Amino acid sequence: MFWGKTLLTVSVLAGAAVVMATAAQAGVVVKSSGPSAGQYPVGKKLDDAESVVLKDGDTLTVLTNGGTRVLRGPGTQRVGARGVSKRTAFAMLTRQQSGARVRTGAVRGGTTGETAPINPSLWNVDVSKSGKVCLANGDTISFWRSSFAGAKTWVLGSAVSDFHVHVQFGDGDSTTALSAEELPLAENRSYHLSSPAGGPAQDIEFILLDTVPDNPEELAVALMQNGCDNQVEQLSERMAD
């Protein structure tokens with residue numbers, strides 16, 4: 001009898017653990033507008049099984065393990081999507097590259113059948129955008145450009161000293177990389193990135209994450225807390241594909 005009770009107890013505890021793990025899944029608000037924006041601010045966590053009551057004019061974008069959902073009012077909307085997983089898409093987007101040059105870029109189809117390049121990795125620095133860039137590590141910093149034609153060079157100059165380094169793309173290359181020896185972030189993390197086409201330089205600040213969450217919701221929160229808004233947008237868009 002004692003052995004049977006022990007087995008029953010273990011079974012009940014295991015079942016409770018599964019229920020608790022399921023209940024712990026949560027989404028995070030990445031965009032919010034409309035009359036209820038104050039009730040559902042950016043960064044607010046919502047349980048996947050939760051429902052939200054939205055008013056006319058409300059638009060709520062929530063990133064969950066099942067992907068990005070755009071909820072619009074008026075009406076009651078469920079936060080999480082049933083039977084959907086974006087773990088593979090998330091793993092591909094957040095995998096750390098070796099730093100090798102890449103000669104082909106990911107594309108997304110347009111409404112007219114045309115395709116446009118998209119940045120395939122969350123950790124690639126988009127040379128066309130200013131802002132804070134969160135990095136998973138500082139060993140190798142990868143850069144990405146949307147136009148692959150021609151060998152071109154950007155100049156990354158320190159915002160506080162005369163230090164600068166060349167970001168060189170070969171003809172047909174979509175990405176290139178600098179090592180920690182070439183770009184020592186420990187010494188400086190604020191830079192101006194000048195394009196070979198001229199015009200205003202992009203202001204970039206590199207931020208090394210202490211830890212990199214292994215799920216979309218927590219990573220989105222970490223990016224938001226560090227002001228890496230471009231990557232929050234990228235994560236949200238790619239998880240919606």
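The values are calculated or read from the model by the stated rules, or taken from the named source; none is laboratory data. In this text the structure is predicted, and so the values were computed from the model without any measurement. Every residue, glycine as well, gets a Cβ built from its backbone with ideal geometry; the counts of neighbours run over all protein chains shown. In case anyone asks, the SASA skips ligands and DNA or RNA and just uses the protein heavy atoms, side chains included. Shrake-Rupley method; radii C 1.70, N 1.55, O 1.52, S 1.80 Å.
General remarks:
- For peptides 139-150, 47-58, sequence by mean Cβ density within 10 Å, most packed first: 139-150, 47-58
- Residues in segment 47-62 carry Karplus couplings, in order, of 5, 4, 7, 6, 10, 10, 9, 10, 9, 4, x, 7, 9, 10, 9, 10 Hz; the curve used is 6.51 cos²θ - 1.76 cosθ + 1.60 with θ = phi - 60°, and Gly or Pro positions show x.
- For G67, nonlocal amide neighbours, meaning residues 5 or more places apart or on other chains whose placed amide H falls under 5 Å from its own, are K86.
- Interchain or long-range residues, amide H under 5 Å from E50's placed H: V79, G80
- A simple rule links phi to the HN-Hα coupling: the Karplus curve 6.51 cos²θ - 1.76 cosθ + 1.60 with θ = phi - 60°, which for segment 228-234 gives 8, 5, 4, 6, 4, 4, 5 Hz, with x for Gly and Pro.
- In this structure the amide hydrogen of I118, modeled in the peptide plane, comes within under 5 Å of the amide hydrogens of A106, V107, R108, none closer than 5 places in sequence on its chain.
- Hz values of 3J(HN,Hα) by residue in segment 66-73 - Karplus curve (6.51, -1.76, 1.60), Gly and Pro given as x: x, x, 8, 10, 9, 9, 10, x
- Segments 63-71, 201-209, 169-177, 87-95 sorted - mean Cβ within 10 Å per residue, highest first: 63-71, 169-177, 201-209, 87-95
- Most tightly packed first, judged by the mean number of other beta-carbon atoms within 10 Å of their residues, the peptides 214-220, 29-35 read 214-220, 29-35.
- Segment 136-241 - accessible surface per residue (Å², probe 1.4 Å): 47 Å²
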